[in-house]
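The values are calculated or read from the model by the stated rules, or taken from the named source; none is laboratory data. Since we're looking at a predicted model, the values are computed, not measured. Cβ sites come from the backbone with ideal geometry, for glycine too, and all protein chains shown count toward neighbours.
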Amino acid sequence: MAVNEQVAPARVTSVLLVAPACDGEDVGESWLAYQWAHRLSQRFRVTLLSTYKRGHVPPSQQLPRTQVIEWAEPPLVHRAERLNSMLQPAYVPFYARARRYVRNRLAAGARFDVAHQVTPVALRYPSPVVNLGLPVVLGPVGGSLESPPAFVREEGATPLYQRLRQLDRLRLRLDPLLRSSYRSADCVVGIAPYVRDVLGDLPLRRYETQSDVAVQEVPPEVDRSGRTGPVRLLHVGRLVRTKGAREAIRAMARLRDLPVVLDVVGDGNDRRACDDLVRDLRLTGRVTIHGAVPHADVDGFYERADVFVFPSYREPGGAVVLEAMAHGLPLVVCDRGGPAENVSDACAVRVPVESPAQLAQDVAGAVRRLVADPGLRLRKGAAARERVIAVHLWDRRIDRMADLYEDVAAPRPEFGAKVSA
């Protein structure tokens, strides 16, 4: 006899979303926050707490399906964009306004099933919604990944405001407001397993791992089976020391006996060092540094490439890794940080990170294997595309977050209380 099963209704319908910068026309975390707000609003009744840059379209006009509570950022904070993105001086007034708003709304009888702070991604910002009686999810959070000691000497002088991030771990040990945010959250979501180590001795209620970046859609499949000519390697990313472009170039010096070329797409303060390496290692004609390329043109590089080589040794996230996977490319990445978490052995070769010389040698060895076995390249490339479809689409991120909302909103014993059998 058939039994009619009733599906329990979803507990979560109303989400309080916290993102101090949210702008679908911007880049970086502002764009990332917009993706969360836009997509969550298609499933939940979302109230967004945010700010907007003067002269930009406010999020209230970009998100018609979302209730937006917004404040203009203080004047002058964007005079130095890199400094602002690192320290976010506007966060202090945002924190005070957001916390006051939530307190007042709750006192007036408003109801939110869960509060979720999606940005800033860095671990240095306390949350304005903890300890207010709401189930709280923080993250995905990341950053604070340190360079291996053997690489530091080659990184050169680091601006003072970037060196301040070295205080992150100290603050996580000593700052009571910051510690309370993570200790009190019902779930902390880290962008990779290393984040749990960075959080150290903090007694978290729950910890999950999920990347902060995702793919909007998978492009048409590229047929690489009948290609002739040299195997094309590709590196995409800002040309800063930590992205590993130097190791990709040095690896090419160990592959002179193979028909291989390398395209480097991106620009930054490590460009001159990379140009010098190409000249000194006599790789002109085998390595081409293209500089900054319009994003619309980067797809062409992915389509023409055969292997994506991205030995970034201090990469918390790695959006370009997911882009390469979506284009069906096998990958060579460091066994560290976000890229190592986002790939699998089926689609990538993960190499250890000990020193610049070792990393270049191991990258060369991984490339040699892929060049020697076209079938292996095709299998890994197909597995990369399948993994993006299964794991790394934005819809998958929202599915998993929706499940997490249901879990944290469920009735539960108080933290630290004993549960009777």
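If you scan the stretch 249-277, which residues turn out to be in contact with a strand residue (DSSP E or B) (Cβ under 8 Å, 6 or more places away or on another chain) and either assigned to a strand (DSSP E or B) or under 19 Å from Gly156 (Cα atoms) (or both)? Break it down stepwise before answering.
If we filter the stretch 249-277 for residues that are in contact with a strand residue (DSSP E or B) (Cβ under 8 Å, 6 or more places away or on another chain), which is where we start, we get 249, 251-252, 258-267, 271, 274-275.
Ile249, Val260, Val261, Leu262, Asp263, Val264, Val265, Gly266, Asp267, Arg271, Cys274, Asp275, listed by residue number.
Is it the case that Gly200 is at pLDDT 95 or above and closer than 24 Å to Pro140 by Cβ? Full working, then the answer.
Details: at pLDDT 95 or above: no; closer than 24 Å to Pro140 by Cβ: yes.
So Gly200 does not fit the description; no.
Taking into account only those residues within the stretch 271-318 that are among the small types (Gly, Ala, Ser) and buried (at least 19 other Cβ atoms within 10 Å of the Cβ), which is farthest from the chain's Cα centre (by Cα)? I'd like the intermediate steps shown before the answer.
Of all residues in the stretch 271-318, those among the small types (Gly, Ala, Ser) come to 273, 285, 291-292, 296, 300, 305, 312, 317-318.
This time we only want the ones that are buried (at least 19 other Cβ atoms within 10 Å of the Cβ), so: 305, 312, 317-318.
Working: Ala305: 23, Ser312: 13, Gly317: 3, Gly318: 6 Å.
Only one residue fits best here, namely Ala305.
Does Tyr91 satisfy the criteria of being surrounded by 16 or more Cβ atoms within 10 Å (Cβ to Cβ), over 21 Å from Cys187 (Cα atoms) and modelled with pLDDT under 95?
Working: surrounded by 16 or more Cβ atoms within 10 Å (Cβ to Cβ): yes; over 21 Å from Cys187 (Cα atoms): yes; modelled with pLDDT under 95: yes.
Yes.
Out of Arg124, Arg100, Arg111, Arg153, report the one residue that is under 21 Å from Glu29 (Cβ atoms) and among the basic types (Lys, Arg).
Going through Arg124, Arg100, Arg111, Arg153 in turn, the sole match is Arg124.
For the stretch 18-48: of the residues being among the hydroxyl-bearing types (Ser, Thr, Tyr) and not in a helix (DSSP H, G or I), which is farthest from Pro120 (Cα to Cα)?
First, pick out the residues of the stretch 18-48 that are among the hydroxyl-bearing types (Ser, Thr, Tyr): 30, 34, 41, 47.
Going one step further and asking which of them are not in a helix (DSSP H, G or I), we end up with 41, 47.
Working: Ser41: 20, Thr47: 17 Å.
Filtering first and then ranking leaves Ser41.
Report, ordered by the first and then the second residue, all pairs with beta carbons closer than 8 Å, sequence separation of six or more or different chains, a first member in the stretch 283-300 that is polar (S, T, N, Q), and a second member that is surrounded by 11 or more Cβ atoms within 10 Å (Cβ to Cβ).
Pairs found: Thr284/Val278; Thr288/Val261; Thr288/Leu262; Thr288/Asp263; Thr288/Val264.
I need a count of the residues in the stretch 307-330 that are under 23 Å from Pro148 (Cα atoms) and part of a helix (DSSP H, G or I). Before you say what the answer is, go through the steps one by one.
The first filter runs over the stretch 307-330 and keeps only residues under 23 Å from Pro148 (Cα atoms), leaving 308-321.
This time we only want the ones that are part of a helix (DSSP H, G or I), so: 319-321.
Of the residues in that region, 3 qualify.
Which of the residues spanning the stretch 323-340 are closer than 22 Å to Gly190 by Cα, in contact (Cβ under 8 Å) with a residue 60 or more places away in the chain and surrounded by fewer than 24 Cβ atoms within 10 Å (Cβ to Cβ)? Break it down into steps so the answer makes sense when it comes.
As a first pass, look at the stretch 323-340 and keep what is closer than 22 Å to Gly190 by Cα: 323, 325, 333-340.
Filter again for in contact (Cβ under 8 Å) with a residue 60 or more places away in the chain, leaving 323, 325, 334, 336-338, 340.
Within the stretch 323-340, Glu323, Arg336, Ala340 qualify.
Quickly run through the stretch 166-180 and pick out the residues that are assigned to a helix (DSSP H, G or I) and either charged (D, E, K, R) or touching a Pro at 6+ places or on another chain (Cβ under 8 Å) (or both). Walk me through how you get there before you give the answer.
Of the residues in the stretch 166-180, the ones assigned to a helix (DSSP H, G or I) are 166-174, 176-180.
Passing the criteria: Asp168, Arg169, Arg171, Arg173, Leu177, Leu178, Arg179, Ser180.
Which one is surrounded by the fewest Cβ atoms within 10 Å (Cβ to Cβ), of the residues in the stretch 34-58 that are modelled with pLDDT under 95 and in contact with a strand residue (DSSP E or B) (Cβ under 7 Å, 6 or more places away or on another chain)?
Arg54
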